[in-house]
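Data first, discussion second: the structure below is written as C-alpha cells.
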Amino acid sequence: MRPARRRSHGLAALALLCACSADEVVTARADGAIEAMIRSAGGAAPELPVVGPHLNWSPFLCMMPPAARALHSTVEAEDGHGSKIYALRSNQGEAYMKLGTEEEVELPLFTVLVKEAFAPVLHAGENAPSPHSTPGWELAASQGYIPFAERDGLTYRTGAPRGLFVMLRLPEGTPDTMDGWAFGTVDAAGRVTGAGAMESCIRCHRTAEYSGLFGWREE
Ligand code: HEC
C-alpha cells in the first residue's frame, strides 16, 4: 500500500493535468477496454494453438502438426453454444488440459480460450472418413484439427463458421468480469457482438467446476 499522502499528491497532479476533479480520475472506468481486448483475441484466434489430445497419426501423416478432433458442443441450448461443432483454441492449452487432474492448476492472467464454432453438416456415410482420403484434409490438418465430429453414430463435418466464444483471464476484481473472467462473442465477420460480464454466459459458467471453467470434455 502506498502512503495516502503520496497517492493524493499523484491524484492532484493528474487532476491538474486533465483539468478535472480528483474524484473523476479515481472513478474513471476503462470503458471499451474489454471490448477491444475481445476484438484482438478474436483477431488472434487463428494463430492460437488448438487444444486437445493429439491423435495417433499413421506413419505417413506423422509429419503433420498435432491435431485435435473437432468436438460437438455438449450444450444443447440454442442460445448458448449448443448444436455447433467447435475447435477450442488457447494460449494456455497445456494448463487447461490439467483442469480436473490431480495437478493443481491456475490459469495465468491473459489466458485466452476461444471456441471456434461451426455449423455441423451431416457427412454422407456412417463413419468418419479417414482424413487423408478426404478432399481438403491437408488444409484442415494445417489448421490443427480434423474437421469431423461424430454424434449418435452419424458423422458431421464443420460447415459455415458460427463465430467465436471467448473467455479472457483478467485480474480478479476487474469491473465487468466474472471474478476476473471476461466473456466475449465475435461473429463470423469479426464483429464483437458482446463483451464483459455477459449474463448469457455467466448463467452457466458461474456453475462450472473449475472457477468458471468447465474443462476439457471428451465426447
Ligand atoms: C447453457 C450453458 C452455457 C452457456 C449459456 C455458455 N456456456 Fe460456455 N461452456 C458450457 C459448457 C458445458 C462448456 C464445456 C464444453 C462443452 O461441453 O461445450 C463450455 C465451455 C466454454 C469455453 C471453454 C472453456 C471452459 O469452460 O472449459 C469457453 C471459452 C466458453 N464456454 C465461452 C462461452 C461464452 C463466451 C458464452 C456466452 C456467450 C458461453 N460460453 C455460454 C456451457 C455454457
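The values are calculated or read from the model by the stated rules, or taken from the named source; none is laboratory data. This structure is a prediction, so every number in the text was calculated from the model and none was measured. Accessible surface areas use protein heavy atoms only, side chains included; no ligands, DNA or RNA. Shrake-Rupley method; radii C 1.70, N 1.55, O 1.52, S 1.80 Å.
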Worksheet entry | Heavy-atom SASA rank of GLU103, GLU47 (probe 1.4 Å, accessible area, largest first) | GLU47, GLU103
Discussion item. With a 1.4 Å probe and all protein chains kept in place, how much accessible area does ASP187 have, in Å² rounded to the nearest 10?
Written reply: 40
Worksheet entry | Accessible surface, 1.4 Å probe, highest first, among residues GLU199, GLU35 | GLU199, GLU35
Worksheet item: How much accessible area does SER40 have with a 1.4 Å probe, in Å² rounded to the nearest 10?
Response: 70
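With a 1.4 Å probe and all protein chains in place, put MET178, MET97 in order of accessible area, largest first.
In descending accessible area the options line up as MET97, MET178.
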Worksheet item: So, how do all the Cα-to-Cα distances of segment 159-219 break down into 10 Å bins, in percent, from 0 on up?
Response: 22, 47, 27, 3
Worksheet item: When the Kirkwood radius is taken over all Cα pairs of segment 150-192, what Stokes-Einstein diffusion coefficient follows at 25 °C and 0.890 mPa s, in µm²/s?
Response: 192
